[in-house]
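Report on the following structure.
The values are calculated or read from the model by the stated rules, or taken from the named source; none is laboratory data. None of these values were measured; they are calculated from a predicted model. FYI the Cβ positions are ideal-geometry reconstructions off the backbone, even for glycines, and counts take in every protein chain you see. Calculation scope for accessible area: heavy atoms of the full protein, side chains included, ligands and nucleic acids excluded. Shrake-Rupley method; radii C 1.70, N 1.55, O 1.52, S 1.80 Å.
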Amino acid sequence: MPTRLRVFYSLLTAALLFIPVVALYTELGKRSDVWWTPPASALSLTESADRVQILAEGRPLATLVEQKQVSISNGATSHVLTPQEIGLRFNNWDRVRAQRLPFLLTYSAVIGAMLVVLLLTATGRLAYRGERPAVMP
């Protein structure tokens, strides 16, 4: 392969390699501590029953709240909690991590393939056949 074409294709491959590298870098650079459910979207005890069960003295918290056995004391005053006053926030990092995995694997595969193409192009290992003159019968 002529040197000029080898340099051109090497630079083109390196420029295209920059795209998945930046995408992978930004994906890995995201903060891992911001995956909590927002306070406004906190779930009630009944809505969160499929993900968590809170026990107090061996009994479910939902049952204790329905029986009015859970209260908050603030010094001299005491307030019995209702089910509407209890909200749960979840750390969704496990779900987010599972959603990110296909993207990370795809980016990594593309980077690996592009590096192989760059290496083959830069070292001149690709098969190159120059233009052949047309043979007229």
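What to note about this one:
- Qualifying residue in the stretch 86-94 (condition: of a type in the set (D, E, K, R), surrounded by 11 or more Cβ atoms within 10 Å (Cβ to Cβ) and outside any helix (DSSP H, G or I)): yes
- In the set (1) open to solvent by 60 Å² or more (accessible area, probe 1.4 Å); (2) over 30 Å from Val116 (Cβ atoms); (3) at pLDDT 85 or above; (4) not in a strand (DSSP E or B), Ile72 fails one condition alone, (4).
- Residue within the stretch 99-110 that is out of contact with any Lys or Arg (no Cβ under 6 Å at 6 or more places or on another chain), open to solvent by less than 90 Å² (accessible area, probe 1.4 Å) and polar (S, T, N, Q) present: yes
- Restricting the stretch 111-127 to residues that are in a helix (DSSP H, G or I) and in contact with a Leu (Cβ under 9 Å, 6 or more places away or on another chain) leaves a set whose member that is surrounded by the most Cβ atoms within 10 Å (Cβ to Cβ) is Thr121.
- Taking the criterion of being exposed (fewer than 12 other Cβ atoms within 10 Å of the Cβ) and without any contact (Cβ under 8 Å) to a residue 40 or more places away in the chain, the residues of the stretch 3-32 that qualify are Thr3, Arg4, Ala15, Phe18, Val22, Tyr25, Thr26, Gly29, Lys30, Arg31.
- If you go through the stretch 33-49 and keep only what is open to solvent by less than 60 Å² (accessible area, probe 1.4 Å) and either touching a Pro at 6+ places or on another chain (Cβ under 9 Å) or basic (Lys, Arg) (or both), you end up with Ser44, Leu45.
- The residues on offer are Ala98, Ala62, and the sole one that is farther than 28 Å from Ala15 by Cα, touching a Leu at 6+ places or on another chain (Cβ under 6 Å) and either not in a loop (DSSP other than H, G, I, E, B) or not small (Gly, Ala, Ser) (or both) is Ala62.
- Yes/no for Ser41 being within 23 Å of Asp94 (Cβ to Cβ), in contact with a strand residue (DSSP E or B) (Cβ under 7 Å, 6 or more places away or on another chain), of a type in the set (Gly, Ala, Ser) and at pLDDT below 85: no
- Number of positions in the stretch 78-115 that are at pLDDT below 85, more than 18 Å from Pro38 (Cβ to Cβ) and either of a type in the set (Lys, Arg) or in contact with a Pro (Cβ under 6 Å, 6 or more places away or on another chain) (or both): 2
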